[in-house]
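Colleague: A single structure is presented below for examination.
The values are calculated or read from the model by the stated rules, or taken from the named source; none is laboratory data. From a predicted model like this one, the values you see are computed outputs, not experimental measurements. Here Cβ is always computed from backbone atoms with ideal geometry, including for glycine, and neighbour counts include all displayed protein chains. Please note that ligands, DNA and RNA were not included when accessible areas were found on the heavy atoms of the full protein model with its side chains. Shrake-Rupley method; radii C 1.70, N 1.55, O 1.52, S 1.80 Å.
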Amino acid sequence: MHKNERSLPETVLVSIRARNARKAKSEQRKRTDDTEMVVASYNVHKCIGVDRKFDPERTARVIREISPDVIALQEADNRFGDRAGLLDLARLEMETGLVPVPIAGNGKGHGWRGNVLLFKRGTVRDVHQIKLPGLEPRGALVAEIDLDDKPTLRVIAAHLGLLRRSRSEQARVVLDIMSSADERPTLLLGDLNEWRLGNRSSLNTLHTTFGPLPPAVPTFPSSLPLLALDRIMANRHGMISAVEAHDTPLSRVASDHLPLTAFVRL
């Protein structure tokens, strides 16, 4: 039987080699032309870095580094209390052009259960806030965005649970969303919290709609990424041309996750 899971020492060695290879590059990959979009997912860890400093401005600088067309943020609100948003979204819009997908009843928060979806140059056609099953308060945002000069894009931004059983149930909810809608171009992105690969993965059921999945790129922990907790996947073959971690001196300290970026053609 084919086995595609590495031992921990092998994983560490592969991660070190991959980081050394990224350091050897002069810069991160850039979009090739105007038809290509940069899409990103970033668990900002409530704007607390690996140095334990709360620094929303540092988080915003990482987002500016990425310069995305669409980005999903996780843990962008306080988890308890008034669940207030942690970023200066007005300043971020002024500096990057990114605006949040509007949601209902968010009070002082940025998003839905800590999920924030931001985009450039387009109009939101529809948005739904989905409560995901499980013991933890998890959710997903489903937005349909009419991007300028591009087809309508559906984006599912999610943060799945820490328990494997919960992730399996939550993955089935994502599939239900897809089965109840038309087959327009769709991206699923977020912190899916699944470190297992192969047959043991709780995300296996997603293969029917989003497979074959892009390579799993380690993003956690940011200081030496070993686990591919963050994912970006599409429902159409060829939509995603490349997936990579945004690995810079700033991103390594700003959160315990590295941002994950993908280059997308519609």
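Colleague: In the range 138-162, what residues are open to solvent by less than 20 Å² (accessible area, probe 1.4 Å) and in a loop (DSSP other than H, G, I, E, B)?
Modeller: Residues satisfying the conditions are Leu160, Gly161.
Colleague: Looking for something of a type outside the set (Val, Ile, Thr), more than 20 Å from Ile71 (Cβ to Cβ), open to solvent by 20 Å² or more (accessible area, probe 1.4 Å) and assigned to a helix (DSSP H, G or I) - is there at least one such residue anywhere in the range 130-137?
Modeller: For the range 130-137, residues of a type outside the set (Val, Ile, Thr), more than 20 Å from Ile71 (Cβ to Cβ), open to solvent by 20 Å² or more (accessible area, probe 1.4 Å) and assigned to a helix (DSSP H, G or I): absent.
Colleague: Within the range 60-92, restricting attention to residues that are acidic (Asp, Glu) and modelled with pLDDT of 95 or more, which residue is farthest from Phe263 (Cα to Cα)?
Modeller: Looking at the filtered set, the residue picked out is Glu65.
Colleague: Checking the condition in contact (Cβ under 8 Å) with a residue 60 or more places away in the chain, open to solvent by 30 Å² or more (accessible area, probe 1.4 Å) and either farther than 18 Å from Asp230 by Cα or among the charged types (D, E, K, R) (or both), which residue from Arg165, Arg200, Arg184 passes?
Modeller: Every option except Arg200 fails the conditions.
Colleague: Is there any pair linking a residue in the range 89-104 that is within 17 Å of Thr123 (Cα to Cα) and in a strand (DSSP E or B) to one that is open to solvent by less than 40 Å² (accessible area, probe 1.4 Å) and at pLDDT 95 or above, with Cβ under 6 Å and at least six apart or on different chains, and which?
Modeller: Pro100/Leu118
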